Structure formats: structure tokens, C-alpha cells
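Nothing in this text is a laboratory measurement; each read-out follows from the coordinates by a stated rule. Note that this is a predicted model, so its numbers are computed, not measured. Counting neighbours? That spans all protein chains shown, and the Cβs are built from the backbone with ideal geometry, glycine included.
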């Protein structure tokens, strides 16, 4: 059987640890599959992970849940569906440097925000500013995706969106103080990020292979929770030299592992949480109400 290709959403990092463990520990091989991980460094993120699946360059992709909505509601829809949630809680936040003096979202009016140009991203950040009493008049810039974090560190942007368990631990390791603005603290429900997506039609055709992939992946993330030292050693082999040396990987895993979920939750997506996010998008005129009836995720492969 040809390898299953999984497009990563970023260069290898703590959120991907379960895939690398499952690969190194032979869990995929035991399940009768070969996994090929596609690193966005290869094409400098010219194609998004979701686009790679849509074009048939990958079988699956890691992406935020918003990508599922986007692919299903394009002028020519693609039958994407979320099949696995890597994190059970949102570990992301909008951040500013403490040295900037921007201590609340409302103060971001007329300041620059380095955007990934993801669907709804700019609207979400503007709504956060409004919910804190501001006008939502932020100045969005669109740097090269893989360099966005550095625009904040270099003072080229006032704010950006990060994973607290990755860029956040780098900042702590380097003694860089940040202000964190989390969506939930400002009345914004958020879906799952990152998730693994695939094509519904491909799952129907190769259901056994996709199910085997999910079960092997679950074992990888459970191993990471139970064996942190060995897991960090495995992940380290795949990191860029800069990532390996610019943060405490042990601290990243310590912050992340509780959110992989217990044995009954690994990969799981909650209907209420998904629906709340979809309803918020509709209420803020970011999507049509038809998204509320679309099949955008499934837990059926989890076992």
C-alpha cells in the first residue's frame, strides 16, 4: 500500500509529537501503514496544508477547524472533514510584548497585527478588541507565514497569534515577557486547533487504513503523556536546530500533554463546542447558517 501523506501545519513542534512517536515506535508499521510527513519548509508554505489535500498532494492535513469550514464552502466545495483533534483545549492566544505597553486588546486599535491570513482570523481579533471596549481598528499585515513570530520579536508588529505551548515557551526561555489575550476571556468561543482533516470520499474508500492511522496516532500521543523524556528525545530529531535550542522542550511537553486527553478523549471533538463556534460565526455574519447543518467532523474513527 502506498504511504499515507500527512501535511504538517508548521515546522515540526510539540503539537506533532504523537505522530513522530508513532512513526519511531513502529505503531504505524504494526497497523500496516506507512506515514509520510510533509514539512512546509520544503515549499516555504506556498501551499497550505488543506490545499495540498484538495490538490491530491496529501491524504490528510493538520490545520485549524476553520479550514474545514472554508474547504466545504468554497465556490467549488471540497469534502473535507475533521477526524482527529490534537488538543482538547485551546492553547493559543493573541500576544504583545510587555515592553510595548499594550496590556489589553482594546489598546490594539491603530496598532499592527501580524496575520496568518487564515479564514476569520482578522475578524476574530477585531472582535476581541471590540469586546474589550475598543473599535476593532487594527492594522493587519501579512508577513511570510513561517516568519510571523519573528516580526513580533523584532518590533515589526505589535501583536500576533501564537501557541502558548510553543512560541510561548520560547519567549519564557529567552526571558521575553508577553501579555496573553485568550479568546475565551473576551467572549469568543473557539473550535479545535489543530485538527487532522481528510476527504470524506477518501475515508469511505479506505476506511480501514484511516482508522488504523488514527488508532496508531492515539498510541503515539498516549506514549508522549506517559514517557516524557523518551518522547522529547524522539521529537528532537525532527526539529530545526533553532527550535531545538531556543526553548525548553520539557516545559513545552509539560504544558501540552494534559491536553492530549485521557484514553477516552484522545482525538475527540465535542459537538457542543463545535456548534458554539459555528453559531458564533453565523451570528457575526462571517458564515451562512447552512454551516450548522454540514457534517464537518466525525469521531467515528477513534474507536
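Which order, highest average first, do 133-146, 213-226, 181-194, 257-270 follow once you tally other Cβ atoms within 10 Å for each residue and take the mean per peptide? Could you put the intermediate results ahead of the total?
Details: 133-146: 14.8, 213-226: 21.7, 181-194: 18.7, 257-270: 16.6.
The densest-packed peptide leads the list: 213-226, 181-194, 257-270, 133-146.
Over the stretch 21-84, what is the mean sequence separation of C-alpha contacts under 8 Å (at least six apart), divided by residue count, expressed as relative contact order in percent?
Numbers: 31 pairs, mean separation 10.5, N = 64.
The value is 16 percent.
Give me the one-decimal nm value for the distance between modelled label points at residue 39 and residue 123, 7 Å along each residue's Cα-to-Cβ direction.
Each label point is offset 7 Å from its Cα along the Cβ direction, giving 3.6 nm.
Taking 0.36 nm per intervening residue step and subtracting the Cα-Cα distance, what contour gain separates residue 154 from residue 135 on full extension?
Using 0.36 nm per residue and subtracting the Cα-Cα distance, I get 4.2 nm.
Direction-averaged shadow area of the convex hull around the Cα atoms of the stretch 92-186, nm²? Show your work: numbers first, answer last.
Details: hull surface 21.7 nm².
Taking the Cα atoms of the stretch 92-186, their convex hull projects to 5.4 nm² on average.
I need the peptides 14-27, 230-243 ranked by packing, meaning the mean over residues of other C-beta atoms within 10 angstrom, with the highest value on top. Mind showing how you got there, number by number?
On the way: 14-27: 22.2, 230-243: 16.0.
Descending mean neighbour count gives 14-27, 230-243.
Quick check: residue separation of residue 173 and residue 283 times 0.36 nm, minus the Cα distance between them. What number comes out in nm? Walk me through the numbers before you get to the answer.
Details: separation 110, 0.36 × 110 = 39.60 nm, distance 3.99 nm.
Length difference between fully extended and current span is 35.6 nm.
Pairs of Cα atoms under 8 Å, at least six residues apart: use those to get the relative contact order of the chain, whole percent. Provide the component values of the computation, followed by the final result.
Working: 538 pairs, mean separation 85.0, N = 303.
That works out to 28 percent.
Looking at the chain, send over the antiparallel percent of its DSSP beta bridges, to the nearest 5. Could you put the intermediate results ahead of the total?
Working: 19 of 31 bridges.
In the chain, DSSP labels about 60 percent of beta bridges as antiparallel.
Residues of the stretch 42-60 with backbone nitrogen within less than 18 Å of a virtual label 7 Å along the Cα-to-Cβ line of residue 242, please, listed as ranges.
42-46
In percent, how large is the relative contact order of the stretch 92-186, given Cα pairs closer than 8 Å and 6 or more residues apart?
On the way: 163 pairs, mean separation 42.6, N = 95.
Answer for the stretch 92-186 is 45 percent.
Just grab the label-to-label distance for residue 1 and residue 250, each label 7 Å out from Cα along the Cβ direction, in nm (one decimal).
For residue 1 paired with residue 250, the spin-label model returns 3.9 nm.
Among DSSP beta bridges lying fully in the stretch 92-186, give the percent that are antiparallel, nearest 5.
Numbers: 9 of 14 bridges.
Counting only bridges with both partners in the stretch 92-186, antiparallel ones make up about 65 percent.
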